[in-house]
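Note sheet for the following structure.
The values are calculated or read from the model by the stated rules, or taken from the named source; none is laboratory data. Remember, it's a predicted structure, so these values are computed and weren't measured experimentally. Quick reminder, even Gly has a Cβ in these numbers, built from the backbone with ideal geometry, and neighbours come from all protein chains shown. Remember, those area values only see protein heavy atoms, side chains included, never the ligands or the DNA or RNA. Shrake-Rupley method; radii C 1.70, N 1.55, O 1.52, S 1.80 Å.
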Amino acid sequence: MAAKERIPLVEKRGKTTSVVWKYYGFAESDVNQVDIVCKLCYGVVAAPQGNTTNLFNHLRTAHKVTYDETMKEHREKPSTTPASSSQTSIHATLYNATKYPTSSQTQGDNKRGNFFPRQRPVLSQHSEQPRL
């Protein structure tokens, strides 16, 4: 990537929990902090709503050594979001799901306990036999 004009950069305002932000800043004149600038090559990187995926991708493709160091630091950094012990696992949710009652009209003759209604027969134009 070609070297761009070296302009003074300011840090991102607000909460920055990702280690990748130490390699990015904003031009002093960018008061709304819209254009994210790489501190290594001064290239502008798109990252809608502060999403860091593109920031990591830029480091990976343009600054491989820095990317490797950042990923090592990223893996070692403890999570800032506490694990929720009150959230039900997907296995428990599916296990506790309510099946159709066997008396349900939508289940009909299907006694296997499926969660979906049976397929209704369609009459063919050329025969009297229903087609499934």
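The residues of the range 24-57 that are open to solvent by 40 Å² or more (accessible area, probe 1.4 Å) and in contact (Cβ under 8 Å) with a residue 24 or more places away in the chain, listed by number, are LYS39, LEU40, TYR42. When you scan the range 9-24, do you find a residue that is touching a strand residue (DSSP E or B) at 6+ places or on another chain (Cβ under 8 Å) and in a helix (DSSP H, G or I), even just one? The answer is yes; a qualifying residue exists.
Residues that are touching an Asp or Glu at 6+ places or on another chain (Cβ under 6 Å) and over 11 Å from LEU55 (Cβ atoms) were ranked within the range 3-24; the one that is modelled with the lowest pLDDT is PRO8.
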